[in-house]
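J.: Sending over a structure as structure tokens; questions will come in a sec.
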Amino acid sequence: MNNNHDAVVERQFGGQAAAYLSSSVHADGQEFAQLRERVEGIAAARVLDLGCGAGHVSFRVADLADEVVAYDLSPRMLEVVAAAASERGLGNIRTVQGVAESLPFADNSFDVVCSRFSAHHWRDVGLALREARRVLKPGGLAAFIDVASSEQPLFDSFLQTIEMLRDTSHVRDYTPSEWAQMVGEAGLVVTSSSRQRLRLDFETWIARMRTPDVMRNAIRHLQSQVGQEVRDTFEVASDGSFTTDMLVLWATRESF
């Protein structure tokens, strides 16, 4: 059996593709309005939805773009995207399978590269960001949207632990300062960033990933044993539901 990281990601997500299509956490978000506003201002835009999952970014911008490439590691996720795009009459969405660290596209191919709730699964974020810059046209727009960890080690450790217990394909939720550093090192220029609070219903969060009971119980036990300052920061409720930070970062590739 192939147990490398890519295989773990496909095992975790392939069978749950339909659940991600219907997930309100993934389908909704105020950042979509910002993305649509930016894409609308680009004539004949070509958009890369990097780590597209169930395709929510692709669906939200398809009517504004000339072409959208929905790109993901999971073939089964891409089957769901293709079927949903067909049902919605979005004929300009094309699916391509592959890893974020090696994009099968020519240099300067896209006006927009957007990644939403994907980067925390990537084996090498720095390499993936350099690839994103390579395929982005000079002056192009990049958007990176993901769960953000805390700059405080106590809160960071708690978040990474429950994420890994829930989902063995999790690598890391990066802090805002880590994101700024990595994006800059990749040759992109941050134009703005903001944080939002994301409320997660515990049972839905667990069911979406089919987390085994032993892991589910470990998360609930950990929630009960950490200090009150951790529970307050994450607004942990009696049913295990909690709130975490989400980072919305906009960047560009300079025109030279």
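The values are calculated or read from the model by the stated rules, or taken from the named source; none is laboratory data. The structure displayed is predicted, hence computed values, not measured ones. A quick note on method: Cβ atoms are made from the backbone with ideal geometry, for glycine too, and the neighbour counts reach across all protein chains shown. For the accessible areas, the whole protein counts, side chains as well, though only heavy atoms, and no ligand, DNA or RNA atoms are used. Shrake-Rupley method; radii C 1.70, N 1.55, O 1.52, S 1.80 Å.
J.: Calculate, for residue 243 and residue 86, the FRET efficiency according to 1/(1 + (r/R0)^6) with r their C-beta to C-beta distance and R0 45 Å; round to the nearest 0.05. Before the final figure, lay out the partial values.
T.: Values: r = 36 Å, r/R0 = 0.80.
The computed FRET efficiency comes out at 0.80.
J.: Using Cα springs under 10 Å in a Gaussian network model of the chain, which residue among 193, 157, 58 shows the largest mean-square fluctuation?
T.: Answer for the Gaussian network model of the chain: 157.
J.: In degrees, nearest 10, range 0 to 90: what is the angle between the Cα axis of helix 31-40 and the longest Cα principal axis of the chain?
T.: 0
J.: 7 Å from Cα along Cα→Cβ at both residue 198 and residue 37: what's the point-to-point distance in nm?
T.: 2.1
J.: For residue 181 and residue 109, FRET efficiency with R0 = 25 Å and r from the beta-carbon atoms, rounded to 0.05? Write out the running numbers ahead of the final one.
T.: On the way: r = 26 Å, r/R0 = 1.03.
That gives a FRET efficiency of 0.45.
J.: For residue 130, what accessible area in Å² do you get when you roll a 1.4 Å probe over the heavy atoms of the protein chains, rounding to the nearest 10?
T.: Number for this one is 120 Å².
J.: Hey, another quick one. Let's see if you can work this out: charge +1 on each Lys and Arg Cβ, -1 on each Asp and Glu Cβ, no other charges. What is the dipole magnitude of the chain about its Cα centre, in debye to the nearest 20?
T.: Details: 25 positive and 35 negative charges, 55 e Å.
Dipole magnitude for the chain comes out near 260 debye.
J.: Further question: What do you reckon, how do 117, 110 stack up by accessible area (1.4 Å probe), largest on top?
T.: So, going from the largest accessible area down, we get 117, 110.
J.: While we're here: Per-residue accessible area for residue 71 at 1.4 Å probe radius, Å² rounded to 10?
T.: Counting only protein heavy atoms, the figure is 0 Å².
J.: Once you place label points 7 Å from the Cα toward the Cβ at residue 218 and residue 255, how far apart are they in nm?
T.: For the pair residue 218/residue 255, the computed spacing is 5.1 nm.
J.: In terms of modelled amide H atoms, which long-range or inter-chain residues lie less than 5 Å from the amide H of residue 45?
T.: 66
J.: Still on this structure: At a threshold of 8 angstrom on Cα-Cα distance, excluding pairs fewer than six apart, so keeping six or more, what relative contact order does the chain reach in percent?
T.: On the way: 469 pairs, mean separation 47.8, N = 256.
After rounding, I find 19 percent.
J.: Out of the total accessible area of the chain (probe 1.4 Å, heavy atoms of protein only), what percent is carbon and sulfur?
T.: Numbers: 5530 of 11070 Å².
Of the solvent-accessible surface of the chain, carbon and sulfur hold 50 percent.
J.: A further question on this structure: State the extension gain, in nm to one decimal, for the chain segment bounded by residue 157 and residue 67, taking 0.36 nm per residue of separation less the distance between their alpha-carbons. Please report the intermediate quantities before stating the final value.
T.: Values: separation 90, 0.36 × 90 = 32.40 nm, distance 4.01 nm.
Going from the current span to full extension adds 28.4 nm.
J.: Let me ask something else about it. Taking K and R as +1 and D and E as -1, what net charge do the other residues with C-beta under 11 Å from the C-beta of residue 238 add up to?
T.: Details: positive: 220, 231; negative: 239.
That works out to +1.
J.: If I compute volume of the Cα convex hull per residue in Å³ from the structure I just sent, which labelled value in (1) 188; (2) 149; (3) 118 lines up?
T.: (3)
J.: With a 1.4 Å probe and all protein chains kept in place, how much accessible area does residue 35 have, in Å² rounded to the nearest 10?
T.: For residue 35, the solvent-accessible surface is approximately 10 Å².
J.: Roughly what % of DSSP beta bridges within the chain run antiparallel, to the nearest 5?
T.: Numbers: 19 of 38 bridges.
Rounded to the nearest five, the antiparallel share is 50 percent.
J.: I'd like to check one number: the per residue accessible area of the chain, probe 1.4 Å, reported in Å² as a whole number. Before the final figure, lay out each step's value.
T.: Working: 11070 Å² over 256 residues.
Heavy-atom SASA per residue in the chain reads 43 Å².
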